[in-house]
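FYI, it's all coordinate maths here, none of it is from the lab. This is a predicted model, so every value here is computed, not measured. Positions of Cβ are backbone-derived with ideal geometry, glycine not excepted, and every protein chain shown enters the neighbour counts.
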Amino acid sequence: MEKLSRRSFLKAGAAAVAPLVLPSGVLARPGQPGANDKIVLGFIGVGGWGTGLMRQMKEVHPAAAICDVDTDHLASAATWFDEDVDQYGDYRRVLDRADIDAVVIATPDQWHAIQAVHAMEAGKDVYVEKPLSRTIAEGQAVVETAERCGAVLQMGTQGRSQPDPTGRSDVRFHQACNFIRNGGLGQVTRVECWHPGNPIGPDTPDEPPPSHLDWDMWLGPARWAPYNSARCPGSFRFFMEYGGGVLRDFGAHVLSNALWFLDRDGDGPVRVSATGKRPPSGLYDAPLELDVTWEFEDPDLTITWRQHGDFPSDHWGGAALYHGTDRSLLVAGSADEAGAGVADEEVREYEPPPGGVNVFRSPGHHQNWFDCIKSRETPVMPAASAHRVTSLCILGNAAWQLGRPLEFDPVAQRAVGDEQANMLLTRPGRGPWHV
Amino acid sequence: MNLHELAKCFRLGLGLAAAVALMAAAPALAADVETIIGEDVDGEARFEAVHNAGELGTEAVAPLAAELNAENTLIRRAAREALEVIVHHAGRPGAEDERRAVADALAEVLAEDHDTAVQREVLYVIGYCADQRHVDAIAAFLNDPELADAACFALVLNPSRASVRALVNAFAEADEDTAPIIVHALAQKANAALDIE
């Protein structure tokens, strides 16, 4: 068999596949809105969280369309509009709309990367919920597409915009970032992150999907499985095939802060290990307990994730403890009875010294995205950073699923000497749903 | 000595000692598999056994696969996860013989008359351990509309020229239901094309 070159294979493959996958408008590239224009938005995924994003953003910029594979979600979201809003079940119809400048993607996690890539190729800017992708390969495709299309992509780890004047202004992550980057802790060598475990799911029987849900489109790139009410809508998080558990959910927030605080957005671990405990009942398969260790080099850094009851502080809701050569700092990630954000008064009121590092202060996560759409500058959580954060989550889960530590090349972004691990990190999508 | 090593001893003709050891080990294997797929098993014990299923190896593949369509959804989940653990354990670096043996055992299941739910899950897991020798067993499902997705998943992961050839050949025979699925598998195969010798 004649060996195909990569270029000819891709060209032939794309020609064969495009008519089957992409609507005609997807490859078009409409103009970007000017500095004084309104940004016309489309909302893809309007379940609970997606509707929340929609309600906030449409107060600032007009929403031209909403999309969901569940007509109940569409009907519910539409009630937030005074006038009729265009409704779609297939996100590609939203991408076909030349009048839509940008889309907000809040679908189940298995969809994020594919919809983000298709949206950017259709000329849209993208706000996508975390995690960015199912696999390392998908994440790389999102980064490549954002660069190739010049798209502005912001991932929804809003901690990088805290304190947010439109949100919880008591969460002083910006001050903590400046404090750490200016050496307030000395050299940070270890970060301990923790969060409660995944729950035990119900043991419900499979059944035909409800008439209001397009089950095949809900699954998208995921392995085919029979409909079960335990799988969706919100509970998808607790299945490895869709959400990947709390490591990929809240962990993405905590790890986003860690890479941001330590200025290691372009970096990745060289070694990843994980142990965990499977749920003893119910249909959820994400580990009840999970301990992950990521080891970085140059300079050395160890980040750990602990997902069980033995936490190093009272912050049961999720937090991180930064250990430097001079001192440590607790940064809580969510509100609980022990408070939220940064309790340390010195850090809460920290101002960088003259000539010191003063990281960009976002005006709010959504506003920063809107601003960057107009200015074409890079937002606080762009594709490349989002990919590195998501990669940590993917690698942690993969080390647990494989039952062995992974040696990882953060430049090539491949497991070293472990081809089965690379299969897991690049596994294909189902049918047409791949990038 | 694990079961696979014992089986290897048989193949190498190392004889009576291995036979005695295997006979001693078999009841333990049966007990472990029963803990995973038994009806009245404590959940903690069931999933502890799943966690440790890697060492069960090829002998456990067929009985676990048979439960992939169990009425009891928890048994179904345990069987699927145990097979994944076995495949991932066998796929560790330096365990080529184990990987091949587990893939052989899964391919044998594919060759048997099982229902769609069983074959689908076996196709998904064999993808992570199959090689050129298992392509035909997987490709047999490429023109089944219900299983073509899973067969494509396995062949996209398969690191052989034979997997590309199987997809191309199946496309020539495909109907309107399976042709688009196979085309997309070929498109996904593009990224791996440079690694295929």
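Summary table below
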| item | result |
| --- | --- |
| Inter-label distance for A:Ser229 and A:Ala343, nm, one decimal - labels placed 7 Å from Cα along Cα-to-Cβ | 4.1 |
| Per-residue HN-Hα couplings for region A:175-191 [Karplus 6.51, -1.76, 1.60; θ = phi - 60°; Hz; x = Gly/Pro] | 5, 4, 4, 4, 4, 5, 5, 8, x, x, 9, x, 7, 7, 10, 8, 10 |
| Unit Cα scatterers, Debye sum, region A:217-343: log10 I(q)/I(0) for q = 0.13, 0.17 Å⁻¹ | -0.65, -1.02 |
| Region B:91-131-region B:68-89 distance, computed between alpha-carbon centres (Å) | 13 |
| Spin-label model distance (nm) - B:Glu173 vs A:Asp265, 7 Å beyond Cα toward Cβ | 5.2 |
| Kirkwood hydrodynamic radius over Cα pairs of region A:232-305, then Stokes diffusion coefficient at 10 °C and 1.306 mPa s, in µm²/s | 117 |
| Stokes-Einstein D in µm²/s, Kirkwood radius over Cα pairs - region A:71-159 at 25 °C with 0.890 mPa s viscosity | 178 |
| FRET efficiency, 1/(1 + (r/R0)^6) with R0 25 Å, evaluated for A:Asp206 and B:Glu108 via beta carbons | 0.40 |
| Zone residues, region A:208-225, relative to A:Asp72, backbone N less than 17 Å from point 7 Å out along Cα-to-Cβ | A:208-219 |
| Partner chain coverage, peptide A:276-288 - average Cβ within 10 angstrom | 4 |
| Number of partner chain Cβ atoms within 10 Å, mean per residue of B:152-159 | 4 |
| Computed over the protein assembly as shown, the ratio Rg/Rh where both radii use C-alpha atoms and Rh is Kirkwood | 0.97 |
| Note, ³J(HN,Hα) from phi for region B:143-151, Karplus 6.51, -1.76, 1.60, rounded to Hz, x at Gly and Pro | 9, 9, x, 7, 10, 4, 4, 5, 5 |
| Alpha carbon centroid spacing (whole Å) that separates region A:74-126 from region A:199-228 | 22 |
| Global form of region A:135-239, assessed from the alpha-carbon gyration tensor, a/c cut-off 1.5 | prolate |
| Those GluC sites (Glu not before Pro) in region B:59-168 that DSSP places in a loop and that have at most 15 other beta carbons within 10 Å | B:Glu71, B:Glu112, B:Glu146 |
| Built amide H within the under 5 Å cut-off of A:Tyr284, gap 5+ | A:Gly201 |
| Label-point separation in nm, A:Val60 to A:Asp84, each point 7 Å along Cα→Cβ | 3.0 |
| Qualifying GluC sites (Glu not before Pro) in region A:355-435, DSSP loop, other Cβ atoms within 10 Å at most 13 | A:Glu377 |
| Ranked by how many other beta carbons lie within 10 Å on average, peptides A:146-157, A:60-71 from highest | A:146-157, A:60-71 |
| Test item: A:404-415 mean partner chain Cβ contacts at 10 Å | 1 |
| Normalised convex hull volume, region B:23-159, alpha-carbon set, Å³ per residue | 106 |
| Sites A:Asp216 and A:Glu147, calculated FRET efficiency, Cβ-Cβ separation with R0 25 Å, nearest 0.05 | 0.20 |
| 3J(HN,Hα) from dihedral phi, region B:126-135, Karplus parametrisation 6.51/-1.76/1.60, rounded to Hz, x for glycine, proline | 5, x, 7, 9, 6, 10, 3, 5, 9, 4 |
